[in-house]
Structure formats: structure tokens, C-alpha cells
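The values are calculated or read from the model by the stated rules, or taken from the named source; none is laboratory data. Predicted model, so just to flag it, every value in this text is computed and none were measured. Counting neighbours? That spans all protein chains shown, and the Cβs are built from the backbone with ideal geometry, glycine included.
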Ligand code: MN
């Protein structure tokens, strides 16, 4: 279903003999599309927000991580499409490899599209193309409406990842309160100190 081309950039950046990162698409969700947020302690700590769209994980790196506070707009930098099987990747990307560092699954769940036009859901690939995405996250930590919006002037475009107003918005610092993996309960440090 996925064209080889969709993951060309992803594969070009990696040597799969050296990195344990997945490169297959066996875990596509038949019904509800999934999202994941990976906490990635690379040269700089950041959070990778990925949503299943059209047989790949569309991805953004969020340096400061997500926020449940509607007043916090977080910079999000688009990164290359990732294979679906990246959705539960947790572990160490060895030194010398692209993105070298430690990854945990900070949050995961399903999501649905909130963009409705003339009674119909807009197509997600089109919304991404247009730079305006509104989705409802059903994660273990994040819940409710979130938006990803491309902004800025020609030549200096960037994206913002933000919580939209709803009953799930609050001022808590979810990154501090819940630093652990939703998959294994481990902290980044637990994985790093194991070796
Ligand atoms: Mn990353």
C-alpha cells in the first residue's frame, strides 16, 4: 500500500545494520489512525509528534514538547515521514547514527480529524499540505483538541503545535508530571543507565 518513495528520505538517513529503528509498515491501524509522541534525548532533548496518515507517520519535532495549556504555542519542525512500525519504537539509537540518543514512547493512542467542511471530514494529507490540522487526541496523557498550524512569512515558515480550547485544557505541566513511557513505565534515564 505504501509506495517505496514515501520512506525514501527516512531510509537515506539511516543505516539499518547499525540502528535498531524499524523500517517496515506492518502495524498500520485498520480502523482508527494512531498517533505517538516520542521523547527523544538526542543532541538536544525534544519530543517527536507523529500521526498515521496515508500509510506513513507524518512527523514533527517539537523542541519544548506538547502542552495542555491553551496559552502555550509550541514550535513544531516537520521531519521526514517515518514508517508505521516506528509507533512503538523505544530504545537507543547508537552514537554516530542519525538522531543518536534515547527514545521512549511518551504518549500514544488514536486520533480523529476535527476539520469538517460542508459536513465532510477534510482529507488529512490535504490539510497538511495547506498547513492547518485540527485533530482530537485520545492518548493516555494527552486528550482533546489540538491544532498544528503552519505560519510565518514566505521563506520563514514554521509550524505551531497547540492545545485548542475545550474541557481537557489545563495549566498543568504534563511533561514534568508524567515523564515516563506509556509503553513500559521507564524513564529516559532508566534506558540510558542500563548499559
Ligand atoms: Mn527526534
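Residue check: residue 3 meets all listed conditions (1) at pLDDT below 90; (2) closer than 24 Å to residue 76 by Cα but one, namely (2).
Here residue 162 clears all of (1) surrounded by 16 or more Cβ atoms within 10 Å (Cβ to Cβ); (2) farther than 16 Å from residue 74 by Cβ; (3) touching a residue at least 60 places away in the same chain (Cβ under 8 Å) except the condition numbered (2).
Kindly indicate whether residue 184 is closer than 22 Å to residue 40 by Cβ, modelled with pLDDT of 95 or more and in a loop (DSSP other than H, G, I, E, B). Here the answer is yes, as residue 184 does meet what is asked. Please go through the stretch 8-45 and give me each residue that is crowded, with 19+ Cβ neighbours inside 10 Å and within 16 Å of the ligand (Cβ to nearest atom), ordered by number. If the condition is that a residue be crowded, with 19+ Cβ neighbours inside 10 Å and within 16 Å of the ligand (Cβ to nearest atom), then 10, 19, 21, 35, 36, 37, 38, 39, 40 are the ones that fit.
Scanning the stretch 22-53 for residues that are closer than 13 Å to residue 82 by Cβ and more than 15 Å from the chain's Cα centre (by Cα) yields 22, 23, 24, 25, 27, 28. Taking the stretch 99-118 as the range and being at positive phi and surrounded by 18 or more Cβ atoms within 10 Å (Cβ to Cβ) as the test, only 101 passes.
Restricting attention to the stretch 95-149, the residues being closer than 19 Å to residue 47 by Cα, in contact with a strand residue (DSSP E or B) (Cβ under 8 Å, 6 or more places away or on another chain) and assigned to a loop (DSSP other than H, G, I, E, B) number 5. For residue 86, are the conditions met, namely being closer than 23 Å to residue 28 by Cβ, outside any strand (DSSP E or B) and touching a strand residue (DSSP E or B) at 6+ places or on another chain (Cβ under 8 Å)? Yes; evaluated as a whole, the condition is true for this residue. Scanning the stretch 48-98 for residues that are over 22 Å from residue 32 (Cα atoms), buried (at least 16 other Cβ atoms within 10 Å of the Cβ), in contact (Cβ under 8 Å) with a residue 60 or more places away in the chain and within 10 Å of the ligand (Cβ to nearest atom) turns up 62, 93. Among the residues of the stretch 180-193, write down those that are touching a strand residue (DSSP E or B) at 6+ places or on another chain (Cβ under 9 Å) and loosely packed, with under 14 Cβ neighbours inside 10 Å. Residues satisfying the conditions are 184, 189, 192.
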